[in-house]
Each structure stands twice: as C-alpha cells, then as structure tokens.
Amino acid sequence: MTQSVLRSLVAAFVALLALVPDAGADHRPNKVVLVGGAISQTGRFAEPAGRQVNAIKLWVDQVNARGGLLGHKIELLLLDDKSDTQTAVKLYEKLITEDKVDVLLAPYSSAITEAVANINERYKMPFVAFGAASSPIWEKGRKYIFNIVAIAEDYQKGAVHLAKQIGVKRIAIIGEDSLFPRQSGIGAKQWAAKLGLQVVLQENYPQKQTDFTALLQKIKASGTEAILSNSYFADAAAQLRQMRELNLNFKLFSSTVGPGLPNFAEQLGGTAEYVLGFSQWEPLPDLLKNPGMKEFIAEYEKRYGEKPNYHAGGAYGALQVTEAALKQAGSFDSQKLRDALATIDTTSVMGHYKVNDKGMNEHEGLTFQILQGQRRIVFPEKWAETKAKLPMPDWSKR
C-alpha cells in the first residue's frame, strides 16, 4: 500500500469519526441517560448518606420534569455500599464496566471516597465529591475528582476560636481512627497552635467504639478544659451521654459530623444542649443568600417533612454544578465533562464553585451551637445568628 493511499484511508477514517456522536446516553433507547453511584444506604453512614440520597432523588425528578439532561431523561441507579470501603470499590467497578453509567455520582465519607477515587481515575470518569472533605484525596495528582465542600482540617476552626475567646488554654483532641477524623484532628491541632492553645491530649480510638469511659476520665485527669471530638453520630452521642453519666464537666465540647444531623438533638435532648458542631451549609437563605436556596428548601421540606441539612445541601449543590458542567460540555463525553468541571465558574445552593488545579473548591463552613434543640450559627461572625453561650453549664445546673 502506497503512502498516499494510506494517508487517504487515515483521512477518511478521521472524517468518519467526526460524524460519530459522543459516547454516552445516545446509545440508550428512548434518549435515556444513566446516572449512577454507590452510597451508604445501610450501615453506620446511613444517616448522613440517606439525606444525600433524598437530595439526589429530588434533583433527578426536578431535572426530568424540565426535560432531562441535554434532552435525555435521567434513569437513576443507586447501589448500597453498606458503609463498607471494599464493597464500594467493587460496586464502582461494576457501575463503570458493567452498568456503563453515563454520569457518575459520589459515595459518602472521605475513607470510601479515597478508595473509590482510584477506580474512577483509572476509567477517567469524573464526579463532584459531595461526601468527602479530607484534603489528602486531592494531593495525589488526580484529575477526575472535584471538591465542593470545606476541607476536614477546618471543621474545628470555629470551635478553637470560640475556646480562645472564653479563655480556654488546655484542650484535648480525640477522634475515630479513620481518614476524615484524623484529618480533622490534624487541622484542630494546627488551629490550636496558631491561637496559642495547648493540646494536652490527642488520641484516636477504634472505629465502632462505644465505651468512652476510660478515655473521658483520662481527659479529665489531664486538666483539659475543652474537648474537640472528631466524630460521627454514634461516637459523639455516646461520648456526651457518658460525660453526663460520669458528671464530667468541660467548658466546651465540639463534634464534627454528628451534631449537624437533625436527629442528633432530637435523640439526645438536653444532653445535646450547648454542644458545638460544624456545618457545610444551613437552610438559611436570607443569611447565606445563595441562589435557588428558598426553592430547594421548600421542595425538600414538602417532600421529606423536614428542612435539608448540609449533607442534603452539599449533594444537591454538587448535582447543580454537574448539570451546569454538562451544559457547558454539551455532551455526556467523560473527558469533556471532566474539562468542564475543571474550568467552570458557577454558583449553586452551596455557594460559589471554581476549583484550583488540584480540583479543590474554596468553601467556608459554619460553626453552630445547639440551643433549645436548634442549630444556631455562632461562627464566623459575619453569618452568626447569635452569640455562643459558653462556657457550657455544669450538668448539675441544667
């Protein structure tokens, strides 16, 4: 075959490829786009992840009602990773290679997202991580995972500032021995050093630990005035209940994930009063002023009988960003979507989205205090609804 004939064949092949539509969605019957992911619908992460599932289903119904994604009706495929990392890895492999999803959704928790990020990176399938905050995930040169929430290292920022304001000098930092709590603990120690607070004890405990009696007594014996607990729902609840049972009093107790869940205050009642927590977002449209918040909050409340918390808001915001990126890309092609997510400058109910070259978005979170059973923002001052009521009163005076 002569070179001229070969060049002609190559040119013809390239021209033919130009006529082929982008991969994804159009190969499905009736113009359906398959949007899928695996998330913790059972297991220890089911409570926060379940609120993300609520937001995902609401978004899908809303998008379909207005004509779908790029004219394609969404078919949703949500699998249950059972709050288990290895299960999640297997399911994402299945979603990409067998189910052949067109648009990939994120899992919940930093530890699971860190493992799954190896899978979607290998197959070059991008997603916006609405359930992970640990910065090391974005320190490994990955190109197909994007961040929308504040980083774990800043979860205790407000608590440390408030501790400083009330004269606390000695703090203890504790947390579950997994990725997110470890990173949150690292950040707490860094903020303590910046503000001149002494960390007299720092300790991680095993996952699923339920008895904190010995640890709490050790903390009290160390002369600690405030506890920064990098915890989820069950461990934070157990720590507070056991503090009360043991009549151990501290000036401040701050947890990370647990208090931000609506049923934390409901289940603990008065034991949750005065506790500090961190939120990525709150359903306060007049305060945060992000576009679309009022409509989202109203629809979520109508559908689920309660206002969305930050887990729901983060998931919904990430999907709004994904939808905007798909419109910019004009295609379900994974590379085009990836490039759009890397470059788009947009705003969702969560606020501004524009990532750096690592795929990380700058987002500022909120520190709240549970007062009369309600989450009330107390830090930063520009968004504070009320002044923090600290030090916490002793158990005997409540």
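The values are calculated or read from the model by the stated rules, or taken from the named source; none is laboratory data. Everything numeric in this text was worked out from a predicted model, so none of it was measured. With ideal geometry, Cβ positions are generated from the backbone for all residues, glycine too; neighbour counts draw on all protein chains shown. Ligands, DNA and RNA are excluded from the accessible area calculation, which covers all protein heavy atoms including side chains. Shrake-Rupley method; radii C 1.70, N 1.55, O 1.52, S 1.80 Å.
Quick notes on this structure:
- The chain, dipole about Cα centre (Lys/Arg Cβ +1, Asp/Glu Cβ -1), debye to the nearest 20: 620
- Under a 5 Å amide H cut-off, with hydrogens placed 1.01 Å from N, LEU79 pairs with GLY37, ALA38, ILE39 among residues at least 5 apart or on other chains.
- Computed E for LYS31/ARG376 - FRET, C-beta separation, R0 45 angstrom, nearest 0.05: 0.45
- Bridge orientation summary for segment 248-388: considering DSSP beta bridges with both residues in this region, about 95 percent are antiparallel.
- Read-out semi-axes √(5λ) of the Cα gyration tensor in Å, derived from the coordinates shown; its label in (1) 43, 21, 19; (2) 30, 27, 19; (3) 34, 23, 21: (1)
- For segment 171-208, trypsin sites (Lys or Arg not before Pro) are listed when DSSP marks them as loop and at most 12 other Cβ atoms sit within 10 Å of their Cβ; the list is LYS208.
- Net charge dipole size for segment 27-89 [Lys, Arg +1 and Asp, Glu -1 on Cβ; Debye, nearest 20]: 280
- Summed over qualifying helices (DSSP H, 4 residues or more, each -39500 (n - 2.57)) and divided by its residue number, the chain shows a 222 nm mean residue ellipticity of -13000 deg cm²/dmol.
- Overall form of segment 26-70 per C-alpha gyration tensor (a/c, 1.5; a/b vs b/c): oblate
- Point-to-point label distance, LYS302-GLN198, nm (Cα→Cβ direction, 7 Å offset): 5.8
- The chain, accessible surface, carbon-and-sulfur percent (1.4 angstrom probe): 51
- Summed over the residues of the chain and divided among them, the accessible surface reaches 42 Å² per residue at a probe radius of 1.4 Å.
- Kyte-Doolittle mean at least -1.0 and Cα axial length at least 27 Å: DSSP H helices in the chain: 46-65, 310-329
- Averaging the Cα positions of each part gives two centres, and for segment 305-323 and segment 48-111 these lie 13 Å apart.
- Whether segment 255-377 is rounded, prolate or oblate, judged on the alpha carbon gyration tensor where a/c under 1.5 counts as rounded: prolate
- Using the Cβ-Cβ distance between ARG241 and ASN356 with R0 set to 35 Å, the FRET efficiency works out to roughly 0.25.
- Positive dipole terminus of segment 168-261, leading residue within ALA193, ASN204, GLN183 (C-beta point charges): ALA193
- Rounded to the nearest 20, the Cβ-based charge dipole of segment 279-340 about its Cα centre (Lys and Arg +1, Asp and Glu -1) stands at 100 debye.
- Think of segment 30-188 as having a plus end and a minus end, set by charges on the Cβ of Lys, Arg, Asp and Glu; of ASN64, THR113, HIS161, HIS161 sits farthest toward the positive end of this dipole.
- Eligible aspartates and glutamates near LYS251 by straight Cα distance, threshold 20 Å, same-chain separation 8 or greater: GLU203, GLU225, ASP235, GLU273, ASP394
- For GLY359, net neighbour charge (Lys/Arg +1, Asp/Glu -1) across residues whose Cβ lies under 15 Å away: 0
- For segment 177-222, the gyration tensor built on C-alpha atoms gives an oblate shape. Its axis ratio a/c (a ≥ b ≥ c) is at least 1.5, and a/b is not larger than b/c.
- Stretch gain in nm, segment TRP383-GLU121, where the contour uses 0.36 nm per residue and the Cα spacing is subtracted: 90.6 nm
- Accessible-area ranking of PHE332, PHE233, largest first, probe 1.4 Å: PHE233, PHE332
- Over 26 Å (Cα to Cα) - which of LYS169/LYS354; LYS100/LYS354; LYS189/LYS218; LYS57/LYS100; LYS90/LYS124 fall in this group: LYS169/LYS354; LYS100/LYS354
- Ordered by 1.4 Å accessible area with all protein chains kept, GLU203, GLU323 run largest first as GLU203, GLU323.
- Taking a sphere under 10 Å around the Cβ of GLN209 and counting the other residues whose Cβ falls inside, with K and R at +1 and D and E at -1, yields a net charge of -3.
- Positive-end residue of VAL53, GLY373, PHE296, charge dipole of the chain with Cβ unit charges: GLY373
- Cα centroids of segment 330-398 and segment 187-235: 23 Å apart.
- For ASP286, ASP394, the ranking by accessible surface with the largest value first comes to ASP286, ASP394, using a 1.4 Å probe.
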